[in-house]
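Down below is the structure, laid out as structure tokens.
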Amino acid sequence: MLKKNITDYNFPQDLADMSIDELRLLSYEIRDFLIHSVAETGGHLAPNLGVVELSIALHRVFDVSRDKIVWDVGHQSYVHKILTGRADKFGTLRQYGGISGFPKSAESVTDIYNSGHSSTSISAAMGLAEARDILNQDHNVIAVIGDGAMTGGLAYEGLNNAGSSKTRMIVILNDNEMSISPNTGSISHHLRKLRSSKTYIDMKKSLSRTLPRIPGVGLPLYHGLTTARNTLRSAVITESIFADLGFTYYGPVDGHNIEDLIQNLELAKMIDAPVLIHVMTKKGKGYKNAELRPGKFHGIGPFDAETGIELARPDGASWSHIAGGAISAAAENDPRVVAITAAMTDGVGLTDFARKFPERFFDVGIAEQHAVASAAGLALGGLRPFVFCYSSFLQRAYDQILMEVALQNLPVVFMVDRAGCVGQDGETHHGLFDLSYLGHMPNMTVYAPSCEEALRAAVSEAMRAGEPAAIRYPRGSAVSFPAATRALRADSGAFWRLRDGNDLTLLSAGKMTPVALEAAEKLAANGLDAAVVDMFRLKPLDENGIAGLLAKGKPVITLEDNVISGGFGEKVASFIETGGFNNKVHIIAWPDGFLTHGSVADLMTADGLDAEGVTAKVKAFTGYGRD
């Protein structure tokens, strides 16, 4: 039954005819395929290596043409994609025009739920199950959620409601003791207690393997002993929080034992009530480099499959590293400085801070709302908290930023990492909305540094101001401008004049400033003399300074790495209109909508936000070259 290549299979149909031994061999083939495919394209390798057997078991037991599988976060769905007929497309994984690294309903009807953010699967699955019941349909609904996602409050809102509703659904808790960074908190300790009870595990294995095999009476006897089993479990370990919430609890189950997984899934499928299966897996399973460094291989660029070494390392220090270093430097001089992150210690550059100042470092797990609300409490207590979070994840805490921080005018600084277009992770991870959702908040100051020097300046200014502030910066390596380029700073400190020009003015923010400078050179070669102004502080607008820039009536073009709606350009355009200026204005930003996946360069080229595209847009706007 085994084929020469993964792409030769007719998945998922071929799974039905495979023996357990063949399924085990298939798991090795899939791992080898994943390692070599992701080595070419980059992607989320470690999470997917950890769910190979679980994914095989799911597709063996359930019919995904009818049954609904909701993948929490979704970066562990590569095996699901392979088992639903997309192995031949893995050469395009996360590439512009290729398949997504996350579930995407536009790709396949088996991707029932477009996920990308954590802790949402149980709520979504419950909604699907309730809809099934109301419409008198008959199919299974399964949520697959990682233990890292269990630090998010939404997961417990879903568990609480699903358990009390008695809706027929299955929750699979994939417990690998990690999200991106190692898990923290009391929930992690509770799961550790469950998974470490050897007596209970041995008892469960014995029951699940022997009783169902007794002809005629095995399964009834197995279910008849449920009460006794639960009593024994309570004697062995503390009663599971999941049972208390109304779920029938199975586990812990070895997540790399296909036979055990299939048996437990078959049993769960027969229960007309909420079921939770606690599955233990190893992140990076089967690839030594990923097993030893699961955080690094959580999401990685193209790498050498033999050595695990990334093939293209970015030049220079990353924005995240510089931001973390700036806060460490501030903490050296001010004992009030504390740092908070949501399960992203290494990703946001706080590893060194956590080592130097452990008592002033807080990793709250995947709990952005709690991170912001607790930061408000820290500030009320007299400290100066810095909240480090990716832009697309920070938007989950919008209400806490507005109500807990901005309303109370507290000195909390948000270090908004991965702002703007981030590339291959696509719609759910682009940080294209933070200028819009932060820019309308009262009391909030918003900075968009364009270089390493400006980032450090923003940290210093935010510290001195002692008010709510957000500093947004992109993914990747930071640029550094020569000191002479920064010589012409406005009196207010809100912007720098980087280039003089007589024909028009480019007002650029953040990552778009190097693009504006390159476009200005291209425009100069075509006879258009463009000034470039780096808008360091976007909110509040420096109205006096901008009025000075508008005084000569030259056309104004704004450039930002944000959606056009509610962004910096709209604020400038509004100021020009209400201020009675006669300057023509044109906004260059991402169009309203969700941006697909692909490299940053490909996406910027496609939407005309690279230097060539900006040059063409400026020429079209000014009418240059028309007859």
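Read-outs: derived from the displayed coordinates by stated rules, not from any lab. Just so we're clear, the structure is a prediction, and the values are computed from it rather than from any experiment. When we count neighbours, we look across all protein chains shown, and the Cβ atoms used for this are built from the backbone with ideal geometry, even at glycine.
For the listed residue pairs LYS4/LYS269; LYS356/LYS539; LYS4/LYS285; LYS104/LYS522, the alpha carbons are over 31 angstrom apart in LYS4/LYS269; LYS356/LYS539; LYS104/LYS522.
Work out the length of the dipole vector of segment 496-622 about its Cα centre, built from +1 on the beta-carbon of each Lys and Arg and -1 on the beta-carbon of each Asp and Glu, and round it to the nearest 20 debye. Could the numbers behind the result be given before it?
Working: 12 positive and 17 negative charges, 67 e Å.
Around 320 debye, computed over segment 496-622.
Would any residue of segment 430-466 have its amide N under 19 Å from a label point 7 Å out along Cα→Cβ of LEU407? List them or say none. The answer is 437-445, whose backbone nitrogens lie closer than 19 Å to the label point. Of all aspartates and glutamates in the structure, those lying under 16 Å Cα to Cα from LYS552, and not within fewer than 8 positions of it along the same chain, are ASP500, ASP503, ASP529, GLU543, GLU577. The angle between the Cα long axis of helix 258-269 and the main principal axis of the chain comes to about 90°, on a 0 to 90 degree scale.
Helix 611-622 and the long axis of the chain differ in direction by around 50°, with both axes built from C-alpha atoms.
For segment 550-567, backbone nitrogen atoms closer than 18 Å to the point 7 Å from HIS440 Cα along Cα-to-C-beta are found at 562-567. In order along segment 580-592, phi translates into HN-Hα couplings of x, 7, 10, 5, 6, 10, 9, 9, 10, 7, 6, x, 4 Hz, rounded to whole numbers, per the Karplus curve 6.51 cos²θ - 1.76 cosθ + 1.60 with θ = phi - 60° and x for Gly and Pro. Multiplying the residue separation of ASP17 and SER565 by 0.36 nm and subtracting their alpha-carbon distance yields 192.0 nm. Put a dot 7 Å past the Cα of ASP399, heading toward its Cβ, do the same for ASP133, and the two dots end up 2.5 nm apart. Summing charges over all other residues whose Cβ lies under 12 Å from the Cβ of MET18, with Lys and Arg as +1 and Asp and Glu as -1, gives -2.
As a rough footprinting exposure proxy, the listed residues GLU306, GLU560, GLU467 were ranked by other beta carbons within 10 Å of their own, and the order from fewest upward is GLU306, GLU467, GLU560. Site pair ASN10 and ARG293 shows an inter-label distance of 4.3 nm when each label is modelled 7 Å from Cα along Cα→Cβ.
Would you mind calculating the relative contact order of the chain from Cα pairs under 8 angstrom and at least 6 residues apart, reporting the percent as a whole number? Walk me through the numbers before you get to the answer.
Working: 1240 pairs, mean separation 71.4, N = 627.
Result for the chain is 11 percent.
Excluding same-chain neighbours fewer than eight residues apart, the aspartates and glutamates reachable from LYS166 by a Cα-Cα span under 12 Å are GLU130, ASP133, ASP272.
Rounded to 0.05, the FRET efficiency of the GLU612 and ALA243 pair, given R0 = 45 Å and the Cβ-Cβ distance, is 0.15. Extension gain for PHE575-ASN544 works out to 10.1 nm (0.36 nm per residue, less the C-alpha to C-alpha distance).
Size of the dipole of the chain about the Cα centre, Lys and Arg at +1 and Asp and Glu at -1 on the beta carbon, nothing else charged, in debye to 20? Walk me through the intermediate numbers first.
Values: 59 positive and 71 negative charges, 179 e Å.
In debye, rounded to 20, the chain gives about 860.
Can you tell me how the chain classifies by the Cα gyration tensor, rounded, prolate or oblate, using a/c under 1.5 as the rounded cut? Prolate, since a/c reaches 1.5 and a/b exceeds b/c. Near GLY593: Cβ cut-off under 12 Å, other residues only, Lys/Arg at +1 and Asp/Glu at -1. The net charge is -3. The helix-based estimate of mean residue ellipticity at 222 nm for the chain, built from -39,500 (n - 2.57) per DSSP H run of four or more residues and divided by its residue count, is -11000 deg cm²/dmol to the nearest 500.
What share of the DSSP beta bridges in the chain is antiparallel, in percent to the nearest 5?
Working: 13 of 68 bridges.
Rounded to the nearest five, the antiparallel share is 20 percent.
Between the Cα long axis of helix 186-195 and the first principal axis of the chain there is an angle of about 30°, rounded to the nearest 10.
Explain nothing, just the number: dipole magnitude of segment 25-143 about its Cα centre with +1 on each Lys and Arg Cβ and -1 on each Asp and Glu Cβ, in debye rounded to the nearest 20.
On the way: 10 positive and 13 negative charges, 41 e Å.
Approximately 200 debye in magnitude.
Bridge orientation summary for segment 496-622: considering DSSP beta bridges with both residues in this region, about 20 percent are antiparallel. One decimal place: the segment SER165-GLU40 gains 40.4 nm when fully extended, by the rule 0.36 nm per residue minus the C-alpha distance.
The distance between label points at ASN582 and LYS356 comes to 5.5 nm (points 7 Å beyond Cα on the Cα→Cβ vector). Hey, how many Å between the Cα centroid of segment 316-374 and the Cα centroid of segment 552-627? With segment 316-374 and segment 552-627 each reduced to a Cα centre, they are spaced 34 Å.
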